[in-house]
Structure formats: structure tokens, C-alpha cells
Amino acid sequence: MINESPVYARLTEVFREAHASETGTGMRQRVYVETSVVSYFTARPSRDLIIAGHQEAVERAAAALKGRGAKLVKALPVSAPFHCALMAPAASRLAAALRDVTVGTLRVPVVSNVEAAPNSDAGRVKELLTRQVTAPVRWEESVRALVGMGVKQAVEIGPGTVLTGLCKRIAPEIKAAAACDPAQVRALAALAA
């Protein structure tokens, strides 16, 4: 689990030290923790650390990481603090929206970023989708699970190619491609037919 990893332990130490040095009191630290959220997880446990939360908390964490020698700290262009506790209201809305959705039998196992393991149980799909809104993304583990399942090709569907690039770096044996617009999706579907 991520909270047992050396990266998690080091980052927890960085946050505590950074906050203690700014406030000087344990009481203030508890208030800070209760009023601000910063979540962290690894996209690739051996290399990349992602943090999300309240902007001020994220900025404080980024400064602490820079101060401790992080090679690169940059803001990702996202519209919300995805995959952290601040997304709980969205997760609740998604769960409500999924209540009336019927999930059919899965033809192939789906690797969920929540568990980084294949799921073949249609009854768990809604729960996994809902948990994904607030849970850390276990991307490297998910890609490695795909390799373990014998996957040879992966297609990222949607705007951007970030996941394609990560997939290529994590598992060069998988042929990864991106379909960024409807025409590319149709072309890929035609190839698969």
C-alpha cells in the first residue's frame, strides 16, 4: 500500500518539518491539518510524486519539496484537485448518477486505477468508478498489471497523450497510441474490426 512506501514516509516527514518550521507549534500544525487538505501519491512509485489539495496546502508542500532537493516541481494543468478528499462531493454525485445505470457483463477484465488489479465483476464497476474520484491513481501498478495479463497494445482515448507517454516509459513492450479526436477513434475502431 502506498502509505507504507518509503516515498510516503519521506513526504510525510517533509510536510511535518515544513509546517513545524513555519508555525513553531504542534497545535497550529493540527489546525492546519484539519483545515487544509493535501494528498499525495505516486504515479510511478520509483520516480514521480503527485500532490493534490487546497491550493495553499499544495503550494506549501511544493515549496517544502523544493527546499528538500526535489529535482522538478511543477503545477499540472488540471481543472480540479482530482484523486483526493476534496473531490468527495463529486464522488457522491457520481454514485447517485450511477445508481440507475446497468452495467452489463464484462467481456474482458478491467484494470482499475484504484486497486491496480483486474476486475471481472460487473457488480463492482460502479463502486470502483466512484472510489476513483477520490483515490490515489496507481498508474504504474496498473500498467504493470496489464503487462502481467499479456496486454500488447494500449490506446488512450481523449484529449492529450500523457498516459500514452507514461505507458511507454513504464512498459516499453506495450505498443501505446493515442486517439485524441473522434476521427482517430473511428480509425482505430475500423482497424480493430
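Among the residues of segment 113-132, the ones that are outside any helix (DSSP H, G or I) and either in contact with an Asp or Glu (Cβ under 6 Å, 6 or more places away or on another chain) or under 30 Å from E56 (Cα atoms) (or both) come to 4 in all. Provide a single number: the residues in segment 108-141 that are out of contact with any helix residue (DSSP H, G or I) (no Cβ under 9 Å at 6 or more places or on another chain), open to solvent by 30 Å² or more (accessible area, probe 1.4 Å) and within 19 Å of E156 (Cα to Cα). So the count comes out to 3. The set of residues in segment 148-177 being within 19 Å of the chain's Cα centre (by Cα) and in a helix (DSSP H, G or I) consists of V162, L163, T164, G165, L166, C167, K168, R169, I170.
On the stretch given as segment 153-180, residues that are open to solvent by 40 Å² or more (accessible area, probe 1.4 Å) and free of Cβ contacts under 8 Å to residues at least 12 places away in the same chain total 3. Across segment 84-107, the qualifying residues are those that are surrounded by 12 or more Cβ atoms within 10 Å (Cβ to Cβ) and part of a loop (DSSP other than H, G, I, E, B), and the one among them that is nearest to the chain's Cα centre (by Cα) is C84.
Restricted to segment 142-152, and to residues there that are more than 13 Å from N119 (Cβ to Cβ) and touching an Asp or Glu at 6+ places or on another chain (Cβ under 9 Å), the residue that is surrounded by the most Cβ atoms within 10 Å (Cβ to Cβ) is V147.
Out of everything in segment 120-170 that is of a type in the set (A, V, I, L, M, F, W, C) and touching a Ser or Thr at 6+ places or on another chain (Cβ under 7 Å), what residue ends up being nearest to C84 (Cα to Cα)? Going through the qualifying residues, I end up with L128.
Looking across A193, A183, A135, one residue alone is at pLDDT below 95, of a type in the set (A, V, I, L, M) and closer than 30 Å to V58 by Cα. It is A135.
On inspection, P81 does not qualify as open to solvent by less than 60 Å² (accessible area, probe 1.4 Å), in contact (Cβ under 8 Å) with a residue 60 or more places away in the chain and either of a type in the set (K, R) or within 24 Å of P159 (Cα to Cα) (or both).
The values are calculated or read from the model by the stated rules, or taken from the named source; none is laboratory data. These numbers were taken from a predicted model, which means no experiment stands behind them. As a convention, Cβ positions derive from the backbone with ideal geometry for all residues, glycine included, and neighbour counts pool all protein chains shown. Surface accessibility is based on the protein's heavy atoms, side chains included, excluding ligands, DNA and RNA. Shrake-Rupley method; radii C 1.70, N 1.55, O 1.52, S 1.80 Å.
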